[in-house]
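Q: Provided herewith is a single structure, encoded as structure tokens, for subsequent inquiry.
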Amino acid sequence: MPTSHNAEENPVVDQKAPERATPALRERLVRRKPVEKLVAEASGPEASGLRRHLGFWHLSMIGIGATLGTGIFVVLGEAVPVAGPAVVLSFVLAGLTALFSALAYAEMAGMIPASGSAYSYSYATMGEFMAWVCGWCLMLTYGVSVAAIGVGWGQYINEFLHLTTGMTLPQEFLFGPMEGGLINVPAAVVVLLAMFALLAGVRESTRANAVMVLIKVAILVMFVGISVTAVREGNFAPFMPMGMAGVSAAGATLFFSYIGFDSVSTASEEAKNPQRDLPRAIMFSLVLVTALYCLVAFAAVGAMNWGRFSDGETTLAGILTAVTGTPVWAVVFAGGAVLALASVVLVVLYSQTRILYAMSRDGLIPALFAKLDAKGTPRANTLITSVFVAVLAAFVPLGPLADATSIGTLFAFALVNVAVLVLRRTRPDLPRAFRVPGAPVTPLLGVFACVFLVVSMSMSVWVAFGAWLLLGLVVYFAYGMRRSALEDDAAAEVRA
């Protein structure tokens, strides 16, 4: 009875098929992109079409441009009511948290000079699934932060118009529908202006950014020099009215201000000497920005009682008017702030396009995002990303944007610290242009600091972040996992 015999065998085969599919799924999730392949794509025979124009100075300006301004010009007015005069400690807390991660970024960027930044580091150490989660968080970090800064830029444009002409923009076109308006026109405009600058080419956009960075450093130094003359000891009492909980909560929000040094690593494939210049530029930009943040915060709360920090994002210009008795310096400051925030929008939008470029090259998102024009610019990527972010900036208010950005940043930074630990153990032979001092303790402290700030965030932020991650899982399993360049790549590393 051969037929009957085959009929009995078929059900057995069918029953075992699902058991074979489970390991296949697990292998897909943990497959890793070899470090050597990442390096080859960045600077070897398989190198991309991105052109190498950037030296240490340009990379430092990218880091400073993406970081300096966000927390001081935009979020300080929201953080002071939470922490009181102790907001200075909140900046220190956020800065120390960033420092641990910056050290990890410096080691990884010098070793794996790939434009994917934390996404690429996760791919090489923790596998494709964690790389996707990291990249998805970076989409939130960069895309949403650009929109948030655009909202703050609109506030300073309005302040500048008011100080110079006595006129203000109609409220309907200064706020989105969630704030009682119709559409935030200035926020959308600055994103589109940054888009045109990026389409002109990376060389031209980095030159424009360098000029704007120098201007904003100058106006912040001007603010400190003027405001420090009005510092009163009584304005620091009580120093910590909300306790340590207020300091940590404000620190979590202000961490939004420190995402800029990550932008340096996204320029890896356009740096002339990434192994040498990336670590130096990351550390230099973070130290300079942290020092300026603390100085400005000290001068601000010392010159004006913390209880008066409730009139929006243009508090610093108001302090200058109160201190000097004339609006002249406030006009200068507001004008500088307009340029300062524009530079942040430009650089962070640049970083977002490079993250998407790396993910597209790996097949996890459509290939359109990795196509380059004759100048070596991902044109379609830049257009799509910019339009999406401009719409977001036009309709969503600042507060939720800043908090959502912070949690995505902290998650990505924690993964970079873990990546350092993994490669120290699994690939101690790899050449490292920079080594995190005190490892493994320092990277572990970096992870702990990120977790500490994350748990300080409100439940509403966690809900929003969870919804974003859920959407990311749907996209990955429906598209990214099946289209991955490692799907049929024998070079993929698979380890439990």
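Q: Select, from G116, G154, the only residue that is free of Cβ contacts under 8 Å to residues at least 60 places away in the same chain and within 22 Å of the chain's Cα centre (by Cα).
A: It is G154.
Q: Looking only at segment 187-243, count every residue that is over 29 Å from G84 (Cα atoms) and of a type outside the set (A, V, I, L, M, F, W, C) and tell me the total.
A: Final tally of qualifying residues: 7.
Q: Continuing with the same structure: Would you confirm whether any residue within segment 362-378 is assigned to a helix (DSSP H, G or I) and among the charged types (D, E, K, R)?
A: No: zero hits.
Q: Do any helices (runs of 4 or more DSSP H) entirely within segment 84-196 hold 1 or more residues that are modelled with pLDDT of 85 or more, of a type outside the set (G, A, S) and surrounded by fewer than 24 Cβ atoms within 10 Å (Cβ to Cβ), and if so, which?
A: Correct list: 87-111, 128-165.
Q: Which residue, of L444, L423, L470, is out of contact with any Cys (no Cβ under 6 Å at 6 or more places or on another chain), under 30 Å from P274 (Cα atoms), free of Cβ contacts under 8 Å to residues at least 40 places away in the same chain and in a helix (DSSP H, G or I)?
A: L444
Q: Between T253, T229, which is among the polar types (S, T, N, Q), assigned to a helix (DSSP H, G or I) and either free of Cβ contacts under 8 Å to residues at least 12 places away in the same chain or surrounded by fewer than 19 Cβ atoms within 10 Å (Cβ to Cβ) (or both)?
A: Of the residues listed, the single one that is among the polar types (S, T, N, Q), assigned to a helix (DSSP H, G or I) and either free of Cβ contacts under 8 Å to residues at least 12 places away in the same chain or surrounded by fewer than 19 Cβ atoms within 10 Å (Cβ to Cβ) (or both) is T229.
Q: Exactly one condition in (1) buried (at least 24 other Cβ atoms within 10 Å of the Cβ); (2) more than 28 Å from A299 (Cα to Cα); (3) within 20 Å of the chain's Cα centre (by Cα) is false for D362; which is it?
A: Just one mismatch for D362, condition (3).
Q: For V287, only one of the following conditions fails: (1) of a type outside the set (G, A, S); (2) more than 27 Å from D262 (Cα to Cα); (3) free of Cβ contacts under 8 Å to residues at least 60 places away in the same chain; (4) assigned to a helix (DSSP H, G or I). What is its number?
A: Tallying (1) of a type outside the set (G, A, S); (2) more than 27 Å from D262 (Cα to Cα); (3) free of Cβ contacts under 8 Å to residues at least 60 places away in the same chain; (4) assigned to a helix (DSSP H, G or I), V287 fails exactly one: (2).
Residues are listed down the side, and each one gets a yes or a no for (1) farther than 18 Å from W132 by Cβ; (2) modelled with pLDDT of 85 or more:
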| residue | (1), (2) |
| --- | --- |
| A404 | yes, no |
| A414 | no, yes |
| R435 | yes, yes |
| G446 | yes, yes |
| F452 | yes, no |
| L471 | no, yes |
| V474 | no, yes |
| A496 | yes, no |
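Q: Moving on. List the number of the failed condition for L316; all other conditions in (1) farther than 24 Å from A147 by Cα; (2) in a helix (DSSP H, G or I); (3) in contact (Cβ under 8 Å) with a residue 60 or more places away in the chain; (4) in contact with a Leu (Cβ under 9 Å, 6 or more places away or on another chain) hold.
A: (1)
Q: Separate question: Could you tell me whether S60 is under 30 Å from G336 (Cα atoms), modelled with pLDDT of 85 or more, in contact with a Lys or Arg (Cβ under 9 Å, 6 or more places away or on another chain) and assigned to a helix (DSSP H, G or I)?
A: In short, yes.
Q: Let me ask another. For segment 197-226, how many residues are of a type in the set (D, E, K, R) and either free of Cβ contacts under 8 Å to residues at least 12 places away in the same chain or not in a helix (DSSP H, G or I) (or both)?
A: 2
The values are calculated or read from the model by the stated rules, or taken from the named source; none is laboratory data. In this text, all values refer to a predicted model and were calculated from it rather than measured experimentally. All Cβ positions, even for glycine, are placed from backbone atoms using ideal geometry, and neighbour counts span all protein chains on display.
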